[in-house]
């Protein structure tokens, strides 16, 4: 039997939960738990609707890795909360009432027994890229981050489930949709993003090369390497303006692939993606449920897991 693995871009989902669930959802002491309960509801719905054989909550252990910033200093710079002492990781600008909920999310997932994995100096995208590369069966990647479109691969049955509204309405992103919307398949999406730039990630792109032009160049020359080879080929059909812009962007183009492309071979601790029928740590889960008032959100997830909907 082919086993389908579901990989969660966890921070992307709890951000969506935070903004999608009213902050009037609070613990008994009045602390907001909208992101916690919203994420539990998301996971419950995903398991019920898609019935994965395994699920991993992939974590950002470093949301802005220093090695990426060294290559492109503007990478996610606009999201940095404030200057941090040299040698310490940057802190992401997160709403005051969300940041205290993140450790609660970690603790609850661990007590339930849902696999949770990250890697020092890497983002959740890199964890997802590595687990996807290792997978022997189909993979569903649940994320609100278009960067992960680069992993879509119809032949390997790897797709992205992109939340349009909560997780009740998910857009299934396969290569046909990518070609229709962006003019490239999964393997070309990283090159497209690199060329056009991405303000949300602080990627400047190549000035004057927008999304449609990038797609046309990739269609004509195959990939980024082919495009840059065309810059040096007087016989290529690049316009003078395109040739000039791409030539001037060589320093950026030389380093950007390492920043834009997700890693696929990072070291990860052993992970068992099997979904639990019963909680891993019932006593701790009961304590967390009472302390944070997790109520129906947690109970619904536990009922789904116990019923074997997965």
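We did not get these values from a lab; they are worked out from the coordinates using the rules stated. Bear in mind that the values here come from a model prediction, so they are computed numbers and not experimental data. Heads up, the Cβs are rebuilt from the backbone with ideal geometry, glycines too, and the neighbour counts pull from every protein chain shown.
Give me the extension gain from residue 53 to residue 236: residue separation times 0.36 nm, minus the current Cα-Cα distance, reported in nm with one decimal. Kindly include the intermediate steps, with their values, before the conclusion.
On the way: separation 183, 0.36 × 183 = 65.88 nm, distance 4.91 nm.
Roughly 61.0 nm would be gained on extension.
Nearest 500 deg cm²/dmol is fine: what mean residue ellipticity at 222 nm does the chain get from its DSSP H runs of n ≥ 4 alone, each adding -39,500 (n - 2.57), divided by its residue count? Provide the component values of the computation, followed by the final result.
Values: 13 runs with 139 residues, N = 310.
The per-residue figure over the chain is -13500 deg cm²/dmol.
Scoring 136-142, 262-268, 123-129, 52-58 by mean Cβ neighbours within 10 Å over their residues and listing the highest first yields 123-129, 52-58, 136-142, 262-268.
Translational diffusion coefficient of region 183-260 (Stokes-Einstein, Kirkwood radius from Cα pairs, 20 °C, 1.002 mPa s): 174 µm²/s.
Taking 0.36 nm per residue of separation and subtracting the Cα-Cα distance, full extension of the segment from residue 283 to residue 229 would add 13.3 nm. Entry note, region 183-260: relative contact order of 31 percent, from Cα contacts under 8 Å with a spacing of 6+ residues. With R₀ set to 45 Å, the beta-carbon distance separating residue 274 from residue 177 gives a calculated FRET efficiency near 0.90.
For the pair residue 74 and residue 29, label points projected 7 Å from Cα toward Cβ lie 4.3 nm apart. Using the Cβ-Cβ distance between residue 212 and residue 66 with R0 set to 45 Å, the FRET efficiency from 1/(1 + (r/R0)^6) comes to roughly 0.85. What is the helix-to-structure angle for 124-134, meaning the angle in degrees between its Cα long axis and the longest Cα principal axis of the chain, kept from 0 to 90 and rounded to the nearest 10? The angle comes out at about 80 degrees. Anisotropy class assigned to region 162-210 is oblate, per the alpha carbon gyration tensor with a/c at or over the 1.5 cut-off and a/b no larger than b/c. Relative to the dominant Cα principal axis of the chain, helix 34-50 is inclined by about 80°.
Between the Cα long axis of helix 282-292 and the first principal axis of the chain there is an angle of about 80°, rounded to the nearest 10. In plain terms, the residue of 67, 292 with the fewest other Cβ atoms within 10 Å comes first and the most crowded comes last, giving 67, 292.
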